[in-house]
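Report on the following structure.
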Amino acid sequence: MKFLLLAALACVAVKLLAGRWPWELFGPNAHEAGEKRARNLLGLHGDAGYDDIIEAHRRLIMKVHPDRGGTADAVHEANAARDLLLARIAPRARDGQR
């Protein structure tokens, strides 16, 4: 019984200190997985900058736009990928100050 109580207290302590439960510490991070999926969708490498993201998004939109035989869902997915990646880069790069 004491072991279960200590294990529960340890779990709560890890949650308070790390912001994640102990079983979440070693699994894949959902945010990192989303960023990887966005990079794959846009065809970008890990250190792509603002201009690279915008150019890749423009190329993808040209392929998946409904006026060119694509779907609105594909456009929304491309826009979400662009927005996610742009949110992760430095604020000065977003403002056009490179």
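Somewhere in the stretch 9-26, is a residue assigned to a loop (DSSP other than H, G, I, E, B) and surrounded by fewer than 10 Cβ atoms within 10 Å (Cβ to Cβ)? If you could, list the steps in order and put the result at the bottom.
So in the stretch 9-26, the residues assigned to a loop (DSSP other than H, G, I, E, B) come out as 19-21, 25-26.
Checking which are surrounded by fewer than 10 Cβ atoms within 10 Å (Cβ to Cβ) leaves us with 19, 26.
Checked against the condition, which is being assigned to a loop (DSSP other than H, G, I, E, B) and surrounded by fewer than 10 Cβ atoms within 10 Å (Cβ to Cβ), the stretch 9-26 yields at least one hit.
Of all residues being under 14 Å from the mean Cα position of the chain (by Cα) and surrounded by fewer than 15 Cβ atoms within 10 Å (Cβ to Cβ) in the stretch 44-73, which is farthest from Ala87 (Cα to Cα)? Just the residue, please.
By that ranking, first place goes to His45.
Need the failing condition index for Ala56 against (1) hydrophobic (A, V, I, L, M, F, W, C); (2) assigned to a loop (DSSP other than H, G, I, E, B); (3) modelled with pLDDT of 95 or more, just the number.
The single condition Ala56 does not satisfy is (2).
Test of understanding: among Pro22, Pro91, Pro66, which residue is in contact with a Cys (Cβ under 6 Å, 6 or more places away or on another chain) and at pLDDT below 95? Show your work before the answer.
On the way: Pro91 fails: in contact with a Cys (Cβ under 6 Å, 6 or more places away or on another chain); Pro66 fails: in contact with a Cys (Cβ under 6 Å, 6 or more places away or on another chain).
Going through Pro22, Pro91, Pro66 in turn, the sole match is Pro22.
The values are calculated or read from the model by the stated rules, or taken from the named source; none is laboratory data. Computed from a prediction, not measured in an experiment: that's the story for all the values here. Methodologically, a virtual Cβ is constructed for each residue, glycine included, from the backbone with ideal geometry; neighbour enumeration extends over all protein chains shown.
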